[in-house]
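Scroll down for the structure; my scribbles are underneath it.
The values are calculated or read from the model by the stated rules, or taken from the named source; none is laboratory data. In this text, all values refer to a predicted model and were calculated from it rather than measured experimentally. Note that we place each Cβ from the backbone using ideal geometry, even for glycine, and neighbour counts take in every protein chain shown.
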Amino acid sequence: MAKQVPLVDYLQLGEQPHLTAHRCVDCGARYFDRRNACASCFGDRFVEETVATEGEVRAFTIVTFAAPGVPVPFVAAVIDCGGVSVRANLVHVEPDADHVHLGMKVRLVTFPIGTDDDGVEAIAFGFEPLVPAATAGGA
Amino acid sequence: MANDDIWILGINMTKFGKHKDLDTVDLAAQAARAALADGGVTMNDIGVIAAGNLMGGGGIGQQLQKQIGQTGVPVYNVSNACATGATALRTAIMAIKAGETEMGLAVGVEKLAGAGLLGGGGKAKSDKKTWEPSGRYGAVASIDGRIGTNAMPGIFAQVGMEYGHRYGGTSFELFARIAEKNHSHSTLNPLAAYTKRMTLEEIMNDVMIAYPNTRSMCSANCDGAAAAVVTTGAKLKTLSKEQQRRAVKVAASVLTTDPWQEACQVLPDVNTLTRNAAKQAYEQAGVGPDELDLVELHDCFATAELVHYDNLMLCEEGGAVDFFNSGATWRDGRMPVNVSGGLQSKGHPIAATGIANVWEICHHLRGEAGDRQIEGAKVGLAHVIGLGSACGVHILERSGL
(Lines give C-alpha, C1' and ligand atoms only; values in the text may rest on other atoms or scores of the structure.)
Protein backbone atom coordinates (compact mmCIF):
# COMPACT_ATOMS: atom_id res chain seq x y z
CA MET A 1 0.00 0.00 0.00
CA ALA A 2 1.24 3.46 -0.91
CA LYS A 3 2.56 5.64 1.86
CA GLN A 4 -0.01 8.20 2.96
CA VAL A 5 0.00 11.64 4.59
CA PRO A 6 -3.02 13.50 5.94
CA LEU A 7 -4.04 16.82 4.33
CA VAL A 8 -3.76 18.42 7.77
CA ASP A 9 -2.02 17.22 10.89
CA TYR A 10 -5.25 16.99 12.92
CA LEU A 11 -6.57 14.24 10.64
CA GLN A 12 -5.47 10.86 12.01
CA LEU A 13 -5.39 8.09 9.42
CA GLY A 14 -5.44 4.36 10.13
CA GLU A 15 -8.17 1.80 10.75
CA GLN A 16 -10.63 4.34 12.08
CA PRO A 17 -9.80 7.77 10.70
CA HIS A 18 -10.74 10.63 12.98
CA LEU A 19 -9.90 14.21 13.86
CA THR A 20 -8.02 15.26 16.96
CA ALA A 21 -8.08 18.59 18.74
CA HIS A 22 -5.63 20.20 21.15
CA ARG A 23 -7.64 20.51 24.37
CA CYS A 24 -6.57 23.08 26.92
CA VAL A 25 -5.86 21.27 30.19
CA ASP A 26 -7.02 24.24 32.24
CA CYS A 27 -10.29 25.29 30.60
CA GLY A 28 -11.13 22.61 28.04
CA ALA A 29 -11.12 24.88 24.98
CA ARG A 30 -10.29 22.93 21.83
CA TYR A 31 -8.21 23.97 18.83
CA PHE A 32 -7.24 22.37 15.55
CA ASP A 33 -4.27 24.60 14.83
CA ARG A 34 -0.86 24.79 16.51
CA ARG A 35 -1.21 27.02 19.59
CA ASN A 36 1.16 29.24 21.54
CA ALA A 37 -1.33 29.52 24.36
CA CYS A 38 -5.05 29.15 24.96
CA ALA A 39 -7.12 32.04 23.57
CA SER A 40 -9.71 31.47 26.26
CA CYS A 41 -7.68 31.20 29.49
CA PHE A 42 -4.05 31.84 28.37
CA GLY A 43 -2.92 28.43 29.69
CA ASP A 44 -0.20 26.65 27.75
CA ARG A 45 -0.79 22.99 28.49
CA PHE A 46 -2.69 20.99 25.88
CA VAL A 47 -3.60 17.34 25.45
CA GLU A 48 -4.78 15.56 22.32
CA GLU A 49 -8.45 14.72 22.25
CA THR A 50 -10.34 12.57 19.77
CA VAL A 51 -13.25 14.35 18.11
CA ALA A 52 -16.48 12.48 17.43
CA THR A 53 -16.71 11.29 13.82
CA GLU A 54 -20.46 11.88 13.58
CA GLY A 55 -22.21 15.18 13.88
CA GLU A 56 -24.90 17.58 12.77
CA VAL A 57 -24.69 20.31 10.12
CA ARG A 58 -25.08 23.66 11.87
CA ALA A 59 -24.35 25.93 8.90
CA PHE A 60 -23.53 25.41 5.25
CA THR A 61 -23.08 27.21 1.97
CA ILE A 62 -22.83 25.90 -1.56
CA VAL A 63 -19.87 27.63 -3.15
CA THR A 64 -20.29 28.08 -6.89
CA PHE A 65 -17.74 30.86 -7.40
CA ALA A 66 -14.30 30.51 -5.82
CA ALA A 67 -10.69 31.58 -6.15
CA PRO A 68 -8.81 30.32 -9.22
CA GLY A 69 -7.80 26.69 -8.83
CA VAL A 70 -10.56 25.84 -6.36
CA PRO A 71 -12.99 23.40 -8.04
CA VAL A 72 -16.69 24.29 -7.71
CA PRO A 73 -19.34 23.58 -6.74
CA PHE A 74 -18.66 22.34 -3.26
CA VAL A 75 -20.54 22.40 0.01
CA ALA A 76 -18.71 24.10 2.90
CA ALA A 77 -20.15 23.49 6.34
CA VAL A 78 -19.79 23.80 10.07
CA ILE A 79 -20.52 20.51 11.79
CA ASP A 80 -21.27 20.08 15.46
CA CYS A 81 -19.38 16.91 16.42
CA GLY A 82 -20.40 16.23 20.01
CA GLY A 83 -19.92 19.85 21.05
CA VAL A 84 -16.82 20.48 18.94
CA SER A 85 -17.36 22.71 15.90
CA VAL A 86 -15.62 21.30 12.84
CA ARG A 87 -15.11 23.03 9.50
CA ALA A 88 -15.33 20.68 6.53
CA ASN A 89 -16.81 20.02 3.13
CA LEU A 90 -19.90 17.86 2.79
CA VAL A 91 -19.29 15.05 0.30
CA HIS A 92 -21.34 12.30 -1.35
CA VAL A 93 -24.33 14.61 -1.55
CA GLU A 94 -25.72 16.64 -4.45
CA PRO A 95 -24.49 20.21 -3.97
CA ASP A 96 -27.89 21.85 -4.04
CA ALA A 97 -30.38 23.18 -1.53
CA ASP A 98 -32.76 20.29 -2.15
CA HIS A 99 -30.24 17.78 -0.85
CA VAL A 100 -28.29 19.65 1.81
CA HIS A 101 -30.12 20.65 4.98
CA LEU A 102 -29.40 22.38 8.23
CA GLY A 103 -29.49 19.83 11.01
CA MET A 104 -28.51 17.00 8.65
CA LYS A 105 -26.67 14.10 10.36
CA VAL A 106 -23.28 13.38 8.84
CA ARG A 107 -20.18 11.25 9.39
CA LEU A 108 -16.48 11.61 8.64
CA VAL A 109 -15.04 9.95 5.55
CA THR A 110 -11.57 10.13 4.03
CA PHE A 111 -10.39 10.00 0.43
CA PRO A 112 -7.18 10.48 -1.55
CA ILE A 113 -6.57 13.84 -3.27
CA GLY A 114 -3.39 13.05 -5.18
CA THR A 115 0.03 11.42 -5.19
CA ASP A 116 3.34 13.28 -5.10
CA ASP A 117 6.57 12.56 -6.98
CA ASP A 118 7.70 10.16 -4.24
CA GLY A 119 4.51 8.12 -4.58
CA VAL A 120 3.04 9.44 -1.34
CA GLU A 121 -0.72 9.79 -1.33
CA ALA A 122 -2.38 12.74 0.43
CA ILE A 123 -5.62 11.93 2.24
CA ALA A 124 -8.34 14.52 2.87
CA PHE A 125 -11.55 14.29 4.88
CA GLY A 126 -15.13 15.34 4.45
CA PHE A 127 -18.50 14.52 5.97
CA GLU A 128 -21.18 12.48 4.18
CA PRO A 129 -24.87 12.13 5.02
CA LEU A 130 -25.50 9.41 7.59
CA VAL A 131 -28.68 8.48 5.77
CA PRO A 132 -28.42 8.63 1.98
CA ALA A 133 -30.75 11.33 0.65
CA ALA A 134 -34.26 9.96 0.23
CA THR A 135 -35.34 9.80 -3.37
CA ALA A 136 -37.56 12.68 -4.25
CA GLY A 137 -41.21 12.06 -4.92
CA GLY A 138 -43.23 9.38 -3.12
CA ALA A 139 -46.13 10.50 -0.97
CA MET B 1 -22.43 71.25 24.78
CA ALA B 2 -19.94 69.85 27.27
CA ASN B 3 -16.30 70.77 26.76
CA ASP B 4 -15.14 67.16 26.54
CA ASP B 5 -17.81 65.95 24.12
CA ILE B 6 -16.55 64.88 20.71
CA TRP B 7 -18.10 66.42 17.60
CA ILE B 8 -17.87 65.77 13.89
CA LEU B 9 -17.26 69.21 12.45
CA GLY B 10 -16.89 68.30 8.79
CA ILE B 11 -17.42 65.10 6.85
CA ASN B 12 -17.53 63.95 3.25
CA MET B 13 -17.66 60.88 1.05
CA THR B 14 -16.74 60.77 -2.63
CA LYS B 15 -18.97 59.20 -5.23
CA PHE B 16 -18.56 55.43 -4.92
CA GLY B 17 -17.97 53.54 -8.15
CA LYS B 18 -15.27 53.33 -10.79
CA HIS B 19 -12.81 56.22 -10.77
CA LYS B 20 -10.54 55.28 -13.63
CA ASP B 21 -8.72 58.62 -13.66
CA LEU B 22 -8.22 58.99 -9.91
CA ASP B 23 -5.67 57.04 -7.90
CA THR B 24 -5.92 56.15 -4.21
CA VAL B 25 -4.28 59.38 -3.07
CA ASP B 26 -6.49 61.48 -5.38
CA LEU B 27 -9.60 59.96 -3.83
CA ALA B 28 -8.32 60.41 -0.27
CA ALA B 29 -7.35 64.00 -1.04
CA GLN B 30 -10.76 64.73 -2.54
CA ALA B 31 -12.59 63.44 0.54
CA ALA B 32 -10.17 65.04 3.02
CA ARG B 33 -10.23 68.48 1.40
CA ALA B 34 -14.01 68.36 1.14
CA ALA B 35 -14.32 67.35 4.82
CA LEU B 36 -12.08 70.27 5.86
CA ALA B 37 -14.11 72.68 3.71
CA ASP B 38 -17.34 71.22 5.12
CA GLY B 39 -16.05 71.95 8.62
CA GLY B 40 -14.80 75.41 7.71
CA VAL B 41 -11.21 74.64 8.76
CA THR B 42 -7.84 74.03 7.10
CA MET B 43 -4.89 71.69 7.57
CA ASN B 44 -3.46 74.29 9.96
CA ASP B 45 -6.23 73.39 12.43
CA ILE B 46 -5.56 69.63 12.29
CA GLY B 47 -3.38 68.19 15.06
CA VAL B 48 -3.54 64.52 14.18
CA ILE B 49 -4.29 62.39 11.12
CA ALA B 50 -5.50 58.80 11.15
CA ALA B 51 -5.69 57.16 7.74
CA GLY B 52 -6.68 53.74 6.48
CA ASN B 53 -6.20 51.91 3.20
CA LEU B 54 -5.90 48.14 2.79
CA MET B 55 -5.10 47.40 -0.83
CA GLY B 56 -2.53 50.13 -1.54
CA GLY B 57 1.17 50.17 -0.84
CA GLY B 58 1.07 51.51 2.72
CA GLY B 59 1.72 54.90 4.30
CA ILE B 60 -1.46 56.45 2.91
CA GLY B 61 -1.50 59.15 5.63
CA GLN B 62 1.86 60.60 4.63
CA GLN B 63 1.10 60.25 0.91
CA LEU B 64 -2.08 62.22 1.56
CA GLN B 65 -0.23 64.95 3.51
CA LYS B 66 2.05 65.52 0.53
CA GLN B 67 -1.01 66.36 -1.57
CA ILE B 68 -3.08 68.38 0.90
CA GLY B 69 -0.65 69.86 3.40
CA GLN B 70 2.53 68.72 5.17
CA THR B 71 2.23 70.34 8.57
CA GLY B 72 4.36 67.87 10.50
CA VAL B 73 1.53 66.55 12.69
CA PRO B 74 1.53 62.88 13.72
CA VAL B 75 0.01 60.38 11.28
CA TYR B 76 -1.38 57.02 12.32
CA ASN B 77 -1.81 54.59 9.44
CA VAL B 78 -4.39 52.05 10.56
CA SER B 79 -5.45 48.66 9.21
CA ASN B 80 -8.38 46.69 10.63
CA ALA B 81 -9.98 44.85 7.70
CA CYS B 82 -13.46 46.18 6.89
CA ALA B 83 -13.46 48.15 10.15
CA THR B 84 -10.47 50.23 9.02
CA GLY B 85 -12.44 53.44 8.44
CA ALA B 86 -14.12 53.23 11.83
CA THR B 87 -10.72 52.50 13.37
CA ALA B 88 -9.25 55.65 11.77
CA LEU B 89 -12.14 57.71 13.13
CA ARG B 90 -11.79 56.14 16.56
CA THR B 91 -8.01 56.76 16.54
CA ALA B 92 -8.51 60.48 15.85
CA ILE B 93 -11.15 60.60 18.59
CA MET B 94 -8.84 58.86 21.08
CA ALA B 95 -6.05 61.38 20.40
CA ILE B 96 -8.49 64.22 21.10
CA LYS B 97 -9.91 62.55 24.21
CA ALA B 98 -6.35 62.02 25.44
CA GLY B 99 -5.90 65.79 25.28
CA GLU B 100 -3.05 65.70 22.77
CA THR B 101 -4.84 67.93 20.27
CA GLU B 102 -8.23 69.53 19.81
CA MET B 103 -8.89 68.64 16.18
CA GLY B 104 -8.19 65.56 14.07
CA LEU B 105 -8.72 64.25 10.56
CA ALA B 106 -9.75 60.66 9.81
CA VAL B 107 -9.62 59.29 6.27
CA GLY B 108 -10.41 55.95 4.67
CA VAL B 109 -9.86 55.15 1.01
CA GLU B 110 -9.88 52.16 -1.32
CA LYS B 111 -9.48 51.38 -5.01
CA LEU B 112 -11.37 48.16 -5.43
CA ALA B 113 -13.29 48.31 -8.71
CA GLY B 114 -12.92 45.01 -10.50
CA ALA B 115 -11.15 43.34 -7.57
CA GLY B 116 -13.32 40.24 -7.73
CA LEU B 117 -13.62 37.74 -4.95
CA LEU B 118 -11.98 38.62 -1.64
CA GLY B 119 -10.55 36.28 0.94
CA GLY B 120 -10.31 33.10 -1.06
CA GLY B 121 -7.30 31.24 -2.35
CA GLY B 122 -4.51 33.40 -1.05
CA LYS B 123 -1.02 32.79 -2.36
CA ALA B 124 -1.09 30.49 -5.32
CA LYS B 125 -0.81 27.16 -3.59
CA SER B 126 0.45 25.06 -6.37
CA ASP B 127 0.07 21.69 -4.79
CA LYS B 128 3.67 20.71 -4.29
CA LYS B 129 5.50 17.93 -5.98
CA THR B 130 6.23 16.45 -2.60
CA TRP B 131 3.71 16.80 0.22
CA GLU B 132 5.22 18.94 2.93
CA PRO B 133 3.24 20.05 5.95
CA SER B 134 3.26 23.78 6.51
CA GLY B 135 1.43 26.39 8.55
CA ARG B 136 -0.50 26.02 11.77
CA TYR B 137 -2.58 23.11 10.48
CA GLY B 138 0.40 21.26 9.04
CA ALA B 139 -1.41 21.29 5.70
CA VAL B 140 0.24 19.60 2.72
CA ALA B 141 -2.00 21.40 0.19
CA SER B 142 -4.31 24.40 0.06
CA ILE B 143 -7.31 23.89 2.31
CA ASP B 144 -9.57 26.49 0.61
CA GLY B 145 -12.26 24.45 -1.08
CA ARG B 146 -11.07 21.21 0.52
CA ILE B 147 -11.86 22.07 4.12
CA GLY B 148 -14.64 24.59 3.76
CA THR B 149 -14.23 28.00 2.18
CA ASN B 150 -11.96 30.96 2.84
CA ALA B 151 -13.90 33.33 0.59
CA MET B 152 -16.09 36.01 2.11
CA PRO B 153 -19.40 35.22 0.34
CA GLY B 154 -19.36 31.64 1.66
CA ILE B 155 -18.22 32.58 5.16
CA PHE B 156 -21.02 35.12 5.54
CA ALA B 157 -23.50 32.76 3.89
CA GLN B 158 -22.80 30.33 6.73
CA VAL B 159 -23.21 33.12 9.28
CA GLY B 160 -26.77 33.69 8.00
CA MET B 161 -27.52 29.97 7.70
CA GLU B 162 -26.33 29.39 11.25
CA TYR B 163 -28.79 32.03 12.44
CA GLY B 164 -31.50 30.22 10.49
CA HIS B 165 -30.56 26.91 12.08
CA ARG B 166 -30.72 28.44 15.53
CA TYR B 167 -33.94 30.39 15.23
CA GLY B 168 -35.68 29.20 12.04
CA GLY B 169 -37.55 31.22 9.46
CA THR B 170 -34.75 31.94 7.00
CA SER B 171 -34.86 31.06 3.32
CA PHE B 172 -33.12 31.97 0.09
CA GLU B 173 -36.02 34.30 -0.67
CA LEU B 174 -35.88 36.03 2.71
CA PHE B 175 -32.19 36.88 2.25
CA ALA B 176 -32.87 38.03 -1.33
CA ARG B 177 -35.61 40.37 -0.05
CA ILE B 178 -33.03 42.08 2.20
CA ALA B 179 -30.96 42.81 -0.92
CA GLU B 180 -34.13 43.96 -2.71
CA LYS B 181 -34.62 46.56 0.05
CA ASN B 182 -31.06 47.89 -0.17
CA HIS B 183 -31.05 48.04 -3.97
CA SER B 184 -34.33 49.93 -3.75
CA HIS B 185 -32.92 52.39 -1.19
CA SER B 186 -29.88 53.19 -3.34
CA THR B 187 -32.06 54.63 -6.12
CA LEU B 188 -32.26 57.77 -3.96
CA ASN B 189 -28.52 58.00 -3.32
CA PRO B 190 -26.62 59.78 -6.10
CA LEU B 191 -23.26 58.78 -4.56
CA ALA B 192 -24.04 55.04 -4.61
CA ALA B 193 -22.10 52.75 -6.95
CA TYR B 194 -25.36 51.17 -8.14
CA THR B 195 -28.61 53.10 -8.26
CA LYS B 196 -30.76 50.68 -10.18
CA ARG B 197 -33.71 49.08 -8.49
CA MET B 198 -33.65 45.28 -8.77
CA THR B 199 -36.66 43.01 -8.55
CA LEU B 200 -36.68 40.01 -6.25
CA GLU B 201 -36.62 37.76 -9.32
CA GLU B 202 -33.59 39.55 -10.77
CA ILE B 203 -31.75 39.16 -7.46
CA MET B 204 -32.63 35.48 -7.04
CA ASN B 205 -31.80 34.68 -10.66
CA ASP B 206 -28.49 36.55 -10.59
CA VAL B 207 -25.26 34.54 -10.68
CA MET B 208 -25.04 32.36 -7.57
CA ILE B 209 -21.80 33.03 -5.68
CA ALA B 210 -22.22 31.07 -2.46
CA TYR B 211 -25.73 29.87 -1.65
CA PRO B 212 -27.82 31.67 -0.58
CA ASN B 213 -25.86 34.77 -1.68
CA THR B 214 -26.17 35.66 -5.36
CA ARG B 215 -24.00 38.38 -6.87
CA SER B 216 -26.45 41.18 -6.11
CA MET B 217 -26.60 40.02 -2.48
CA CYS B 218 -22.83 40.58 -2.10
CA SER B 219 -21.17 43.89 -1.31
CA ALA B 220 -20.14 45.78 -4.41
CA ASN B 221 -16.39 46.22 -4.93
CA CYS B 222 -15.78 49.82 -5.96
CA ASP B 223 -13.52 52.84 -5.51
CA GLY B 224 -14.21 55.54 -2.97
CA ALA B 225 -13.06 57.56 -0.01
CA ALA B 226 -14.54 59.23 3.04
CA ALA B 227 -13.09 61.64 5.59
CA ALA B 228 -14.15 63.35 8.80
CA VAL B 229 -12.88 66.23 10.91
CA VAL B 230 -13.46 65.73 14.63
CA THR B 231 -13.08 68.17 17.49
CA THR B 232 -13.99 68.86 21.11
CA GLY B 233 -16.99 70.66 22.55
CA ALA B 234 -14.63 73.28 23.97
CA LYS B 235 -13.21 74.05 20.52
CA LEU B 236 -16.62 73.97 18.86
CA LYS B 237 -17.84 76.69 21.25
CA THR B 238 -15.21 79.04 19.78
CA LEU B 239 -16.49 78.47 16.23
CA SER B 240 -19.40 80.06 14.37
CA LYS B 241 -23.07 79.38 15.13
CA GLU B 242 -23.39 77.79 11.69
CA GLN B 243 -20.52 75.40 12.41
CA GLN B 244 -22.12 74.58 15.77
CA ARG B 245 -25.51 73.98 14.15
CA ARG B 246 -24.15 71.57 11.53
CA ALA B 247 -21.78 69.74 13.88
CA VAL B 248 -22.85 66.23 14.84
CA LYS B 249 -22.19 64.88 18.32
CA VAL B 250 -20.36 61.58 18.65
CA ALA B 251 -22.43 60.21 21.51
CA ALA B 252 -20.58 56.88 21.44
CA SER B 253 -17.45 55.58 19.76
CA VAL B 254 -16.62 51.93 20.40
CA LEU B 255 -14.26 49.36 18.92
CA THR B 256 -14.30 45.71 19.97
CA THR B 257 -12.69 42.42 18.96
CA ASP B 258 -14.20 38.98 19.38
CA PRO B 259 -13.84 37.35 22.76
CA TRP B 260 -13.11 33.63 22.67
CA GLN B 261 -16.12 31.48 21.79
CA GLU B 262 -16.19 27.74 21.20
CA ALA B 263 -16.72 27.92 17.44
CA CYS B 264 -14.95 31.14 16.58
CA GLN B 265 -11.81 29.35 15.42
CA VAL B 266 -13.88 27.48 12.83
CA LEU B 267 -16.40 30.03 11.56
CA PRO B 268 -15.76 33.66 12.46
CA ASP B 269 -18.17 34.77 15.18
CA VAL B 270 -19.41 38.14 13.96
CA ASN B 271 -22.16 38.20 16.55
CA THR B 272 -20.58 38.42 20.00
CA LEU B 273 -18.26 41.35 19.29
CA THR B 274 -21.06 43.28 17.55
CA ARG B 275 -23.42 42.73 20.47
CA ASN B 276 -20.66 43.77 22.89
CA ALA B 277 -19.93 46.92 20.88
CA ALA B 278 -23.62 47.80 20.68
CA LYS B 279 -24.12 47.34 24.43
CA GLN B 280 -21.15 49.58 25.20
CA ALA B 281 -22.30 52.18 22.67
CA TYR B 282 -25.87 52.37 24.00
CA GLU B 283 -24.49 52.74 27.51
CA GLN B 284 -22.00 55.46 26.49
CA ALA B 285 -24.63 57.39 24.56
CA GLY B 286 -27.37 56.87 27.12
CA VAL B 287 -29.81 55.89 24.40
CA GLY B 288 -31.54 52.62 23.64
CA PRO B 289 -32.07 50.97 20.27
CA ASP B 290 -35.71 52.18 20.29
CA GLU B 291 -34.51 55.78 20.20
CA LEU B 292 -32.58 55.39 16.94
CA ASP B 293 -34.04 57.12 13.90
CA LEU B 294 -31.87 55.26 11.40
CA VAL B 295 -29.09 52.67 11.26
CA GLU B 296 -26.32 52.02 8.76
CA LEU B 297 -25.06 48.50 9.44
CA HIS B 298 -22.45 46.29 7.80
CA ASP B 299 -24.45 44.42 5.16
CA CYS B 300 -21.39 43.03 3.40
CA PHE B 301 -23.77 40.23 2.35
CA ALA B 302 -27.54 39.94 2.61
CA THR B 303 -27.01 37.07 5.05
CA ALA B 304 -25.00 39.38 7.31
CA GLU B 305 -27.62 42.14 7.52
CA LEU B 306 -30.12 39.75 9.09
CA VAL B 307 -27.89 38.71 11.99
CA HIS B 308 -26.91 42.30 12.76
CA TYR B 309 -30.56 43.32 13.34
CA ASP B 310 -30.28 40.98 16.28
CA ASN B 311 -26.69 41.80 17.28
CA LEU B 312 -27.44 45.54 17.41
CA MET B 313 -30.56 44.73 19.44
CA LEU B 314 -32.88 46.38 16.93
CA CYS B 315 -35.19 43.41 17.55
CA GLU B 316 -35.77 40.78 20.22
CA GLU B 317 -33.12 38.09 20.46
CA GLY B 318 -33.90 35.51 17.77
CA GLY B 319 -36.47 37.82 16.20
CA ALA B 320 -34.58 39.17 13.17
CA VAL B 321 -36.72 37.36 10.60
CA ASP B 322 -40.01 38.66 12.00
CA PHE B 323 -38.45 42.09 12.40
CA PHE B 324 -37.48 42.22 8.72
CA ASN B 325 -40.79 40.73 7.60
CA SER B 326 -42.63 43.50 9.48
CA GLY B 327 -41.16 46.00 7.02
CA ALA B 328 -39.41 47.86 9.86
CA THR B 329 -36.09 48.21 8.07
CA TRP B 330 -37.39 49.74 4.83
CA ARG B 331 -36.95 53.53 4.65
CA ASP B 332 -40.60 54.10 5.51
CA GLY B 333 -40.50 51.56 8.35
CA ARG B 334 -40.08 52.21 12.05
CA MET B 335 -36.30 51.51 12.01
CA PRO B 336 -34.84 52.35 8.60
CA VAL B 337 -31.67 50.33 7.94
CA ASN B 338 -29.19 51.14 5.19
CA VAL B 339 -31.16 53.90 3.49
CA SER B 340 -27.91 54.66 1.64
CA GLY B 341 -28.28 51.37 -0.24
CA GLY B 342 -25.82 49.65 2.06
CA LEU B 343 -22.67 47.87 1.03
CA GLN B 344 -24.65 45.75 -1.42
CA SER B 345 -25.69 48.71 -3.55
CA LYS B 346 -23.95 51.87 -2.35
CA GLY B 347 -20.73 49.85 -2.52
CA HIS B 348 -17.91 48.79 -0.22
CA PRO B 349 -14.51 50.43 -0.81
CA ILE B 350 -13.28 48.65 2.28
CA ALA B 351 -11.30 51.23 4.26
CA ALA B 352 -13.73 54.03 3.33
CA THR B 353 -16.83 52.21 4.54
CA GLY B 354 -16.47 52.90 8.28
CA ILE B 355 -16.47 56.66 7.68
CA ALA B 356 -18.94 56.63 4.79
CA ASN B 357 -21.53 55.01 7.08
CA VAL B 358 -21.01 57.81 9.58
CA TRP B 359 -21.32 60.36 6.76
CA GLU B 360 -24.68 58.91 5.79
CA ILE B 361 -26.00 59.26 9.34
CA CYS B 362 -24.61 62.82 9.66
CA HIS B 363 -26.26 63.76 6.38
CA HIS B 364 -29.69 62.86 7.80
CA LEU B 365 -29.06 64.40 11.23
CA ARG B 366 -28.14 67.67 9.52
CA GLY B 367 -31.27 67.48 7.38
CA GLU B 368 -29.18 67.52 4.21
CA ALA B 369 -30.02 64.11 2.74
CA GLY B 370 -32.29 65.43 0.00
CA ASP B 371 -34.68 62.91 -1.52
CA ARG B 372 -33.71 60.17 0.87
CA GLN B 373 -33.91 62.31 4.04
CA ILE B 374 -35.36 60.48 7.03
CA GLU B 375 -37.52 63.31 8.35
CA GLY B 376 -36.71 64.64 11.79
CA ALA B 377 -33.78 62.28 12.35
CA LYS B 378 -32.12 63.07 15.68
CA VAL B 379 -30.08 59.95 16.55
CA GLY B 380 -28.44 57.34 14.34
CA LEU B 381 -26.05 54.40 14.60
CA ALA B 382 -23.26 53.36 12.23
CA HIS B 383 -21.80 49.84 12.44
CA VAL B 384 -18.97 48.07 10.65
CA ILE B 385 -17.27 44.76 11.14
CA GLY B 386 -14.01 43.51 9.73
CA LEU B 387 -13.20 39.80 9.84
CA GLY B 388 -10.47 38.78 12.15
CA SER B 389 -12.38 40.45 13.81
CA ALA B 390 -12.95 44.11 14.67
CA CYS B 391 -16.28 45.86 15.16
CA GLY B 392 -16.84 49.62 15.22
CA VAL B 393 -20.06 51.23 16.44
CA HIS B 394 -20.67 54.99 16.47
CA ILE B 395 -23.84 56.62 17.79
CA LEU B 396 -24.41 60.12 16.47
CA GLU B 397 -26.73 62.89 17.64
CA ARG B 398 -27.98 66.02 15.95
CA SER B 399 -26.77 69.34 17.30
CA GLY B 400 -29.30 70.93 19.64
CA LEU B 401 -28.91 74.33 17.98
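Quick notes on this one:
- Test: residue in region B:222-244 that is touching a residue at least 60 places away in the same chain (Cβ under 8 Å), surrounded by fewer than 24 Cβ atoms within 10 Å (Cβ to Cβ) and in contact with a Ser or Thr (Cβ under 7 Å, 6 or more places away or on another chain): yes
- Test: residue in region B:150-170 that is in a loop (DSSP other than H, G, I, E, B), in contact with a helix residue (DSSP H, G or I) (Cβ under 8 Å, 6 or more places away or on another chain) and either free of Cβ contacts under 8 Å to residues at least 60 places away in the same chain or crowded, with 24+ Cβ neighbours inside 10 Å (or both): no
- Residue pairs whose Cβ atoms lie under 8 Å apart, sitting 6 or more positions apart in sequence or on different chains, and linking a residue in region A:92-120 that is closer than 25 Å to B:ALA157 by Cβ to a partner that is among the polar types (S, T, N, Q) and buried (at least 16 other Cβ atoms within 10 Å of the Cβ), are A:ARG107/A:THR53; A:LEU108/A:THR53.
- Options B:ASP4, B:ASP26, B:ASP21, B:ASP45: the member that is touching a Gly at 6+ places or on another chain (Cβ under 7 Å) and either surrounded by 16 or more Cβ atoms within 10 Å (Cβ to Cβ) or more than 26 Å from B:SER389 (Cα to Cα) (or both): B:ASP4
- Restricting attention to region B:48-60, the residues that are among the small types (Gly, Ala, Ser) and surrounded by 24 or more Cβ atoms within 10 Å (Cβ to Cβ) add up to 3.
- Long-range neighbours under 6 Å by Cβ, at least six apart or interchain, first residue within 7 Å of another protein chain (Cβ to nearest Cβ) within region A:50-66, second outside any loop (DSSP other than H, G, I, E, B) and modelled with pLDDT under 95: none
- Selection from region A:8-41 of residues that are at the interface with chain B (Cβ under 9 Å from one of its Cβ atoms), assigned to a loop (DSSP other than H, G, I, E, B) and within 15 Å of B:ARG136 (Cβ to Cβ): A:VAL8, A:ASP9, A:TYR10, A:PHE32, A:ASP33, A:ARG34, A:ARG35, A:CYS38, A:ALA39
- Among the residues of region B:332-390, those identified as in a loop (DSSP other than H, G, I, E, B) and among the hydrophobic types (A, V, I, L, M, F, W, C) are B:MET335, B:VAL339, B:ALA369, B:ILE374, B:ALA377, B:LEU387.
- Inspection of region B:304-325 finds no residue satisfying the criterion of being closer than 30 Å to A:ASP80 by Cβ, within 14 Å of chain A (Cβ to nearest Cβ), of a type in the set (A, V, I, L, M) and surrounded by fewer than 19 Cβ atoms within 10 Å (Cβ to Cβ).
- Which numbered condition A:ARG87 fails, given (1) under 18 Å from B:CYS264 (Cβ atoms); (2) touching a His at 6+ places or on another chain (Cβ under 9 Å); (3) within 7 Å of another protein chain (Cβ to nearest Cβ); (4) surrounded by fewer than 20 Cβ atoms within 10 Å (Cβ to Cβ): (2)
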